[in-house]
Structure formats: structure tokens, C-alpha cells
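The values are calculated or read from the model by the stated rules, or taken from the named source; none is laboratory data. Everything numeric in this text was worked out from a predicted model, so none of it was measured. Cβ: placed from backbone, ideal geometry, glycine included. Neighbour counts: every protein chain shown. The area values use the complete protein model at the heavy-atom level, side chains included, leaving out ligands, DNA and RNA. Shrake-Rupley method; radii C 1.70, N 1.55, O 1.52, S 1.80 Å.
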Amino acid sequence: MFQYGSRLARRLLRSCRSPPALRGALAEGVFLLRCNRTEAERLTGRPVRNFDDARALDEHLLTTGAAEIAVTTLGYLGALCSTGHGHTELYAPRLPGEPLSDAGAGDSMVAALITQLAAGEDPVSACALGVAVAAAAMLTPSTEPFVLDVARSLRSQVRTRLQIVPRRQGL
């Protein structure tokens, strides 16, 4: 599984922003792939508008061995976290104020997700914190750091729905 500092863990941070480079990394297989809606559309060439579209992409990544964990973020909807055990829809919490900026929200989510995974947290719980942190980041102007207490309060509002899939061969 995940070992911080391993070759697999170093590949974990590769970005979706460069589809040719990303396709090369996915051909090798990565531990975690996190794409936002736009990055997922660039990767697949198809719109990713909702949880069903994200599920199709994530399922493909899992069944081909391209990723062990696939997370596709869907903006105001939340995110889909997919593993060999199933797909979990994570619904973004209602913001307690007007969004001020989405700058840094995705990076904040990835930081929370990776930190939690490195600490031994399960992928869905780690992703739920990531969704809350991204929401908290949207409540801050520009690239200002989010308020940790706000992220913690939003974490309790992240709703989840699991769709269990049959275990795949080789995973």
C-alpha cells in the first residue's frame, strides 16, 4: 500500500494539467490521481458534468490499473472518490458565506488528502476532509490560507453516498 517516499508515492503528485505526460504516468500506474472537472475533460475528451460522468472515468482508471485511487472533483457538487471497494460521492457542504475565490482550493484539497493518507486515514475520510478544506479555501480572498476551524466545521457537513462495485480481478 502507500509508503511515503516510495517511487509510487512520488508519482502520486503528477498533475492532470499535462495530458501527454499524465497518460505516460497512467500507463505505469499511479497510487492516486486527483483531477478536477476541466482536467478530467482534457484527459478523456468528454464532458464531466456530474457524478455519473466522474464514475465512468474513475472506473476506467481503476479497471485498467492506471490508478489505485481516483478522485474527480466536481466543483460545487463535491467529489467522487473511487477505490477497488467502490465509488463514494462526497457532497460539498453549504458555504456559510459567499465564495470569495477558488484560487488554491484544489491544491488545498490535495494537500489535505495526501496528509491524511500519509497518516493512515482511509481514502474516503481523507477525501471528505479534502472537500471541506477546499470549501474553506473558497471562503478566503485570493490565495490567502483557509481558516482551520472553518474547515473542521465544514467537514461535519460533507455527506457521502457509497456505491459498492464487485471486486475486480487483479486489484
What are the residues whose amide H is under 5 Å from the amide H of V158, where those residues sit 5 or more places off or on another chain and H is modelled from the backbone? none
Whole-Hz Karplus couplings 3J(HN,Hα) for the stretch 115-125, θ = phi - 60° and coefficients 6.51, -1.76, 1.60, Gly and Pro as x, run 4, 5, 5, 5, 7, x, 5, 6, x, 5, 5
Counting only residues 5 or more places away or on other chains, whose amide H sits under 5 Å from the amide H of T140 once H atoms are built in the peptide plane? L100, S101
Between E121 and S142, 0.36 nm times their residue separation minus their Cα-Cα distance comes to what? 4.6 nm
Contact order normalised by length for the stretch 72-171, with contacts defined as Cα pairs under 8 Å and 6 or more residues apart; what percent is it? 35
How much of the accessible area of the stretch 25-84, in percent, comes from carbon and sulfur atoms when a 1.4 Å probe is used? 49
Percent of accessible area on the stretch 101-171 owned by carbon and sulfur, 1.4 Å probe? 54
Enter the accessible area per residue of the stretch 32-119 (Å², integer; probe 1.4 Å; all protein chains in place). 44
Please list the non-local residues whose amide H lies under 5 Å from the amide H of R34, H modeled 1.01 Å from N, same-chain partners needing a gap of 5 or more. V71
The summed charge of the L80 Cβ neighbourhood (under 11 Å; Lys/Arg +1, Asp/Glu -1) stands at -1
